[in-house]
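Q: What follows is a structure written as structure tokens; I'll ask about it next.
The values are calculated or read from the model by the stated rules, or taken from the named source; none is laboratory data. This one's a predicted model, so the numbers in the text were calculated from it and none came from an experiment. Here the Cβ is made from the backbone with ideal geometry for all residues, glycine too, and neighbour counts use every protein chain on show.
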Amino acid sequence: MSESVDPTRAPGAFDDVFAANDDYAAQFALEGLKPMAARGLALVTCMDSRIEPLDMLGLKPGDAKILRNAGARVTDDTLRTLVLAVYLLGVERVLVLPHTRCKMASVENDDVVHDLIQEEYGVDTRSLEFHTNSDQLGALRHDLERIRHHPLLPAGLPVAGAVYDVDSGRVNPVDL
């Protein structure tokens, strides 16, 4: 009896990253690092691979809690995570940091993304909310207010917004 291969398991598809981890583990130097945010920072940023959160802010492992998602949006899950980070992991301030040339800010609304995925791949994604918004600063303003007024986060929690420029590496504070 021959065994059928599950194509979703993609044999060998992750060999490169597991091999790289062997090298990383051989030189691992973070043993004993505490789970607290040593510099009291939570950073909400995008999943974009052009963003190097630690390096761009002069941080090192253990300094901050980094929350990444498409578009650096403050979703319900982001708020849940911030509540845990504030009360259990030493977070004392929050920086929300979207970036220039973000795909999630390049379309008018979620319908555009739903339609694109449906047309290109035949997948109906309307059960998902992508939080797209072509008004990036408006979205940032909204997200900062969500944090500032969340009933489970401490009043007076320092919250700031900035935009990371993927072409220059500059973080530009935004006073909203």
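Q: Tell me, yes or no, whether segment 70-79 has at least one residue that is loosely packed, with under 12 Cβ neighbours inside 10 Å, closer than 24 Å to Arg141 by Cα and either of a type in the set (Val, Ile, Thr) or at pLDDT 95 or above (or both).
A: yes
Q: So which of Leu59, Leu97, Leu137 ends up being closer than 21 Å to Gly169 by Cβ and in contact with a Ser or Thr (Cβ under 6 Å, 6 or more places away or on another chain)?
A: On inspection, the qualifying residue turns out to be Leu97.
Q: Further question: Would you please name the residue that is farthest from Met104 (Cα to Cα), looking only at residues in segment 42-63 that are assigned to a loop (DSSP other than H, G, I, E, B) and free of Cβ contacts under 8 Å to residues at least 24 places away in the same chain?
A: Lys60
Q: Find all pairs meeting these conditions: Cβ atoms under 8 angstrom apart; at least six residues apart or on different chains; first residue within segment 89-107 and basic (Lys, Arg); second residue not in a loop (DSSP other than H, G, I, E, B).
A: Listed by first residue and then by second, the contacts come to Arg93/Leu41; Arg93/Ala42; Arg93/Val159; Arg93/Ala160.
Q: Sticking with this one: Any idea which residue in segment 87-117 is surrounded by the most Cβ atoms within 10 Å (Cβ to Cβ), counting only those that are of a type in the set (Val, Ile, Thr) and assigned to a helix (DSSP H, G or I)?
A: If we take residues in segment 87-117 being of a type in the set (Val, Ile, Thr) and assigned to a helix (DSSP H, G or I), then Val113 is surrounded by the most Cβ atoms within 10 Å (Cβ to Cβ).
Q: May I ask you to verify whether Glu120 is at pLDDT below 95, part of a loop (DSSP other than H, G, I, E, B) and among the acidic types (Asp, Glu)?
A: Considered against the rule, which asks whether it is at pLDDT below 95, part of a loop (DSSP other than H, G, I, E, B) and among the acidic types (Asp, Glu), Glu120 comes out as no.
Q: Condition test on Val74, is it out of contact with any Lys or Arg (no Cβ under 6 Å at 6 or more places or on another chain), of a type outside the set (S, T, N, Q), outside any helix (DSSP H, G or I) and closer than 18 Å to His150 by Cα?
A: So Val74 fails the test.
Q: When segment 34-51 is examined, which residues are found to be over 16 Å from Val91 (Cα atoms) and more than 11 Å from the chain's Cα centre (by Cα)?
A: Of the residues in segment 34-51, the ones over 16 Å from Val91 (Cα atoms) are 46-51.
Correct list: Arg50 only.
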